[in-house]
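Take a look at the structure set out below.
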Amino acid sequence: MAKRRITIDGIDIDLERKRVKNVNFTIYPPDGRVRVSAPQRMDEGKLRQVILSKLPWIKRHQSRLAHAQRAESPAYLSGENHAYLGRLYRLEVRCRQGPPEVAWGENGTLEISVRDLSSRDQRERLLYEWYRRELKALIPPIITRWEPVIGVEVAEWGVRRMKTRWGSCSIKARRIWLNLELIKYPASILEYIIVHEMVHLLERRHNDRFYRFMDTFMPDWRERRDDLRAPQNGLSDRIDEPPAR
């Protein structure tokens, strides 16, 4: 996989040639760093044309990030951007009678319906309850898909908020825990963390044997890890449409 830095119209771009079919754009907050992955055999001139056609979107997205609210202390009010599976969605808080809920609204908004006098903590708790349900729905198919590949069986799994870890593993109980914050990251990162914890059922320590297993089962795990370590999470290019249901 070849990597290099190019500059087009004053924008620095980290370009990677890899085994992909299409040109993919990723922008990282908070500074709007741009990464482009392109097919290995794509003509350089054609690739440049594709990037040039995307420049208006890149600049618009970088401008949004420059003015985005910092995620450290959101108020959970209308107009904020909140992450879901690697994309940012505008939050809309609606006051109404009836049970509180979170749902996808029109134009890709994330709607929280609450009573008039709801507090910030209540809105946060409601959103995170929805995050938890969404994450719990994503996990079982990934575990099921990887169990025969890795040759292990997960007896139990759970989700919780963790300050210092993305996941943890109890080898004796064959139980893994996953950080609730993973729902904000691309699905490829969630899969990487699950596989990482499942491999610990084969090898407890981060030693050469562990990394040989990772290289065998998930050859691109280092790239996924780097995406996780990037400032906040990588954002794909559509931030105003809800995911396919």
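The values are calculated or read from the model by the stated rules, or taken from the named source; none is laboratory data. Nothing here was measured: the structure is a model prediction, and the numbers come from that model. Heads up, the Cβs are rebuilt from the backbone with ideal geometry, glycines too, and the neighbour counts pull from every protein chain shown.
Collect the residues in segment 134-149 that are more than 16 Å from PRO186 (Cβ to Cβ) and either outside the structural domain of VAL199 (by TED's automatic domain parsing) or surrounded by 15 or more Cβ atoms within 10 Å (Cβ to Cβ) (or both), keeping them in residue-number order.
LYS136, ILE143, TRP146
Any chance segment 121-129 includes a residue that's modelled with pLDDT of 95 or more, surrounded by 12 or more Cβ atoms within 10 Å (Cβ to Cβ), farther than 25 Å from PHE210 by Cα and aromatic (Phe, Trp, Tyr)?
Yes, the conditions are met somewhere in segment 121-129.
Give me the pairs, please: first residue somewhere in segment 43-56 and surrounded by 12 or more Cβ atoms within 10 Å (Cβ to Cβ), second residue anywhere and among the small types (Gly, Ala, Ser), beta-carbon distance under 9 Å, and either six or more positions apart or on two chains.
LEU47/ALA38; VAL50/ALA38; ILE51/ALA38
What residue, of VAL36, VAL20, is β-branched (Val, Ile, Thr) and buried (at least 17 other Cβ atoms within 10 Å of the Cβ)? Before you say what the answer is, go through the steps one by one.
Details: VAL20 fails: buried (at least 17 other Cβ atoms within 10 Å of the Cβ).
Checking each option against the conditions leaves just VAL36.
Got a sec? Which of LEU178, LEU228, LEU202, LEU182 is hydrophobic (A, V, I, L, M, F, W, C) and surrounded by fewer than 16 Cβ atoms within 10 Å (Cβ to Cβ)?
Details: LEU178 fails: surrounded by fewer than 16 Cβ atoms within 10 Å (Cβ to Cβ); LEU228 fails: surrounded by fewer than 16 Cβ atoms within 10 Å (Cβ to Cβ); LEU182 fails: surrounded by fewer than 16 Cβ atoms within 10 Å (Cβ to Cβ).
Going through LEU178, LEU228, LEU202, LEU182 in turn, the sole match is LEU202.
Taking the condition of being modelled with pLDDT of 75 or more, within 19 Å of SER118 (Cβ to Cβ) and polar (S, T, N, Q), how many residues in segment 59-79 meet it?
1
Quick one: which strands (runs of 3 or more DSSP E) sit completely within segment 105-179 and have at least 1 residues that are of a type in the set (A, V, I, L, M, F, W, C) and under 20 Å from the mean Cα position of the chain (by Cα)?
Details: elements: 110-114, 156-160, 167-170, 175-179.
Where strands (runs of 3 or more DSSP E) fall fully within segment 105-179 and carry at least 1 residues being of a type in the set (A, V, I, L, M, F, W, C) and under 20 Å from the mean Cα position of the chain (by Cα), they are 110-114, 156-160, 175-179.
Filter segment 143-172 down to the residues that are at pLDDT below 95 and among the aliphatic types (A, V, I, L, M) and list them by number.
Our first condition is that a residue be at pLDDT below 95; within segment 143-172, this holds for 160-172.
Matches in segment 143-172: MET162, ILE171.
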